[in-house]
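Student: Mind looking over this structure? Questions follow.
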Amino acid sequence: MSLRMRAGMRRLLAIVAKEFIQMRRDRLTFAMMIGIPIIQLTLFGFAINTDPKHLPAAIVVHESSAWSRAIIDAAARTGYFDFLDRSLSHQQADRLLRRGEVQFVLEFPEQFSRKLVRGEHPSLLVMADATDPVTIGNALGVLATMPEQLAGRFPGHPNAAFGVVIHRQYNPEGITQYNIVPALMGVILTMTMVLVTSVAITREHERGTMEYLLVSPVHPIEVMMGKLLPYILVGYLQVALVLLAAIFLFHVPIRGSIGLVLALMLPFIAANLAMGITFSTMARNQMQAMQMSFFFFLPSILLSGFMFPFRGMPDWAQWLGEALPLTHFLRIVRGVLLKQAQATEVLVELWPILIFFLLAMVVAVVRYRRTLD
Amino acid sequence: MNAIEVVGLGKSFADQWVVRDLTLSIRRGEIFAFLGPNGSGKTTTMRMLSGLLTPDAGHGFCVGHDLVRERQALRERIGYVSQHFSLYEDLTVRENLDFVLRIHGKARRVREKSMDRFGLRLLADQLAGKLSGGWKQRLALACALVHRPDVLLLDEPTSGIDPEARRFFWRVIQEEASTGCTVMISTHYLDEVQQYCDRLAYLMHGRMLIIGTVHEVIETSGLAAVQILRAGFEVARKAEHQPGVEHVAQTTSGVLLTGPDLKSLQACAARIAPALPAEAVAPRLEEVFLHLARSDGRNAA
């Protein structure tokens, strides 16, 4: 090895050694580098499932009979459906479908059994919440093949047969954009709001301006709110942009009240901003703050039902998802815009967002240091 | 009532005492200098007095407010200029002033007065980050004074700025002091201290070694000095390690010998430079502090 190469190698090793020392000192970054693959392995390996089973389904039976029970049993045995215990009226089932409490409604029309026995080929009506075509795809496929599978299996009635009529509610063509584009509002807000505010306090520390704020008579809550309020406006501008694109570019059918979505968006934006501020009070520098934000995005995007069916995840992942504001906001925005849900039907999703906001703000204010100690 | 009154004040970081047992009273309207080498505890003390740090020992009052229990009230009545520019570099001069005015609930006309007083009008729309060091400090001082504080804490405000800016700085400080504002300033410039400050304290390893007027401090040190006029480097080299000579300094006038006994210094001057005139002069603060530091080191050992 020439003298020049040896010198180059020595300099290279000096830099490598320095990087290792710095990496060892910055434990949070090191933990992130190990933690992020673990989270990704856990979420992608165990939580995400694009073939969800045990989807909640309601039954509307006008006259209970051995035939309708046999068909329900057969459907339940496929593993795709978890039927509610009791039969509902058409209106009740429709409301549950709109509120997202059930994914399917199986309706046996009047005289279904009689027509079945007579060989008149009655139709089983299936209403599916098709806002997310991925969630219902396989389950509907199974339902569609049921008449074939059950043909000739009705004892004493070899000619008994029925058909399945499927109504894909809210998104009849099964267009993915209808589901994704409105939800993008929530995703964009989560990413930008958390990221922007996560560096808000650390930036003051890094630039040395925190010293001025701390010797001034400003209260912690004033600092927090002062940093949050401008971004609420920015959040609404982003939403306006997405809504315009949804309407004019992607032709998403907006069925519900845009005003209602905009009103319910305020606590969601505030919750994300509060989360960012909380990270900002915990991080020692802007780099750490951004890393913490990433730890928040990853589960938000994967566990909220934005990309993958929420009902396809195991219970632990659903609990985690329920704790995230994005999960509830997606239900609100999809419910109102695509399913024409009313305020009373989506208010139940507002409470978790408000609780999240309050908790994050309390942590932020408690962690905000009024001194340089 | 004194503007600043602290008793037994102390602060530690990671079990290391940075300031120890500091007892100090500063009168209203006084310009008080805080001196000491880097790491001696000057900034930590300033930060405790401004409520930026919580003391781990002792107690104290600044403008009548307890340093720990009444921080909020204290913040309303102090002005603080830190060692590094702590205003917003991405705001203009005018925007920085407006921000500070709004925080203190002051009228817009205060900004106009302030810009005139500090000569900032022509730079009003310039980003603070683009200002030179001297102008940044002018802006920082202007912002620290908009709410007419009772106590002004200045942590090395004149470091790295040109003589003209320093002179302006001191003129403003003197004006403020004349209206009753108490000024506490940490600095390394001993000439400024001799020229402008009423009293000084010297800190070393977090302990206050001496306090008083410049004259008192020199008197207390018990040092004497002899200047060998027109003497050069050779004489200075010979003077080192001579009995009775504690410090040797080459100055523009010659060689300055400092030590505890005047007669020994005169004898030394006659011995090493018999052909050159020598005269007794007042010791400089620099040698006094070196002497104190050395004595402190010996005592600690």
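Values in this text are rule-based calculations from the coordinates and carry no lab data. Note that the structure is predicted; figures quoted are calculated from it, not measured. Using ideal geometry, Cβ is built from the backbone for each residue, glycine included, and neighbour counts are taken over all protein chains shown.
Student: Please work out the FRET efficiency for the pair residue B:215 and residue B:171, using the Cβ-Cβ distance as r and a Förster radius of 41 Å; give the result to the nearest 0.05.
Tutor: The formula returns an efficiency of 0.95 here.
Student: Quickly work out the residue A:177-to-residue A:298 label distance, labels modelled 7 Å from Cα along the C-beta direction, and quote it in nm with one decimal.
Tutor: With each label placed 7 Å out from Cα toward Cβ, I get 3.2 nm.
Student: Run the quick spin-label model on residue A:90 and residue A:343: label points 7 Å from Cα toward the beta carbon, then report their separation in nm to one decimal.
Tutor: 3.0
Student: Antiparallel versus total DSSP beta bridges in region A:89-231: what percent is that, nearest 5? Before the final figure, lay out each step's value.
Tutor: Values: 4 of 11 bridges.
Roughly 35 percent of the DSSP beta bridges within region A:89-231 come out antiparallel.
Student: Where the centre of each part is set by its Cα atoms, how far does region A:175-217 sit from region A:241-287, in angstrom?
Tutor: Spelled out, the Cα-based centre of one part sits 11 Å from the other.
Student: Measure out, as a whole number of angstrom, how far apart the alpha-carbon centroids of region A:1-28 and region B:252-266 sit.
Tutor: 53
Student: Using a Förster distance of 30 Å, how high is the FRET efficiency between residue A:48 and residue A:20, based on the Cβ-Cβ distance and rounded to 0.05? Present the calculation step by step, with values, prior to reporting the outcome.
Tutor: On the way: r = 35 Å, r/R0 = 1.16.
For residue A:48 and residue A:20, the calculated efficiency is 0.30.
Student: Next question. Could you grab the Rg to Rh ratio for region B:4-217? Cα atoms only, Kirkwood for Rh. Could you put the intermediate results ahead of the total?
Tutor: Details: Rg = 16.9 Å, Rh = 17.5 Å.
Taking Rh as the inverse mean 1/r over Cα pairs, Rg/Rh reads 0.96.
Student: Taking a virtual spin label 7 Å from the Cα of residue A:41 along the C-beta vector, which residues in region A:283-309 bring their backbone nitrogen under 19 Å of it?
Tutor: The answer is A:295, A:298-299, whose backbone nitrogens lie closer than 19 Å to the label point.
Student: OK, next. Between region B:1-49 and region B:169-191, how many Å separate their Cα centres?
Tutor: Centre-to-centre (Cα) distance: 17 Å.
Student: Work out the FRET efficiency for residue B:271 and residue B:194 from their Cβ-Cβ distance, taking R0 = 30 Å, and round it to the nearest 0.05. Write down the numbers at each step before the final one.
Tutor: Details: r = 31 Å, r/R0 = 1.03.
It comes out at approximately 0.45.
Student: With each run of n ≥ 4 DSSP H residues scored as -39500 (n - 2.57), what mean residue ellipticity at 222 nm is computed for the protein assembly as shown after dividing by its residue count and rounding to the nearest 500 deg cm²/dmol? List each step's numbers first, then the result.
Tutor: Details: 27 runs with 349 residues, N = 674.
Using -39500 (n - 2.57) per qualifying helix, the result is -16500 deg cm²/dmol.
Student: Also, I was wondering about something else. Under 17 Å between alpha carbons, and skipping anything fewer than 8 positions from residue B:106 in its own chain: which aspartates and glutamates qualify?
Tutor: B:76, B:95, B:98, B:116, B:150
Student: Taking the Cα centre of region A:55-169 as origin and charging only Cβ (+1 Lys, Arg; -1 Asp, Glu), how large is the dipole, in debye to the nearest 20?
Tutor: Its charge dipole is roughly 180 debye.
Student: If you don't mind, there's one more thing I want to ask. May I ask for the percentage of alpha-carbon pairs in region B:224-282 that lie more than 19 Å from each other?
Tutor: Tail of the P(r) past 19 Å holds 9 percent of the pairs.
Student: Might you report the magnitude of the Cβ-based charge dipole of the protein assembly as shown about its Cα centre, with Lys and Arg at +1 and Asp and Glu at -1, to the nearest 20 debye?
Tutor: Details: 68 positive and 60 negative charges, 153 e Å.
For the protein assembly as shown, the charge dipole is close to 740 debye.
Student: With a cut-off of at most 14 other beta carbons within 10 Å, and DSSP calling the residue loop, which trypsin sites (Lys or Arg not before Pro) in region B:230-294 qualify? Please list them.
Tutor: Listed in order of number, the matching sites are B:230.
Student: If only Cα atoms are counted, what is the Rg of the protein assembly as shown, and what is its Dmax, in Å?
Tutor: 38.4, 140
Student: For chain A, with only Lys/Arg (+1) and Asp/Glu (-1) charged at the beta-carbon, what is the dipole magnitude about the Cα centre, in debye rounded to 20? Walk me through the intermediate numbers first.
Tutor: Values: 32 positive and 25 negative charges, 293 e Å.
Charge dipole, chain A, about its Cα centre: 1400 debye, nearest 20.
Student: If you take every DSSP beta bridge whose two residues both sit in the protein assembly as shown, what share of them, in percent to the nearest 5, is antiparallel? Could the numbers behind the result be given before it?
Tutor: Details: 38 of 71 bridges.
The antiparallel fraction comes to roughly 55 percent.
Student: Under a 5 Å amide H to amide H cut-off, with H placed in plane at 1.01 Å, what residues pair with residue B:18 once short-range neighbours are removed?
Tutor: B:11, B:12, B:13
Student: So how do B:197, B:143 line up by other beta-carbon neighbours within 10 Å, fewest first? Before the final figure, lay out the partial values.
Tutor: Values: B:197 23, B:143 27.
With the fewest neighbours first, B:197, B:143 line up as B:197, B:143.
Student: Further question on the same structure: Write down the percent of antiparallel bridges among all DSSP beta bridges whose residues are both part of chain A, to the nearest 5. Don't skip to the end; give the middle numbers.
Tutor: Details: 4 of 20 bridges.
Bridges in chain A are about 20 percent antiparallel.
Student: Extending each Cα 7 Å along its Cβ direction at residue B:237 and residue A:319, get the distance between those two points in nm, one decimal.
Tutor: Between residue B:237 and residue A:319, the label points sit 8.2 nm apart.
Student: Sticking with this structure for a sec: If you project the alpha carbons of chain A onto the principal axes, what extent comes out on each, in Å, largest first?
Tutor: 91, 62, 37
Student: Moving to a separate point now. Within region A:65-128, which trypsin sites (Lys or Arg not before Pro) sit in a loop by DSSP and count at most 15 neighbouring Cβ atoms inside 10 Å? Walk me through the numbers on the way to the answer.
Tutor: On the way: sites: A:69, A:77, A:86, A:95, A:98, A:99, A:114, A:115, A:118; in loops: A:99, A:118.
Loop-located and lightly packed - A:118.
Student: While we're looking at this one, here's another question. From the residues A:201, A:293, A:245, which one has its Cα farthest along the dipole of region A:176-367 in the positive direction, the dipole being from +1 and -1 charges on Cβ of Lys/Arg and Asp/Glu about the Cα centre?
Tutor: In region A:176-367, that residue is A:245.
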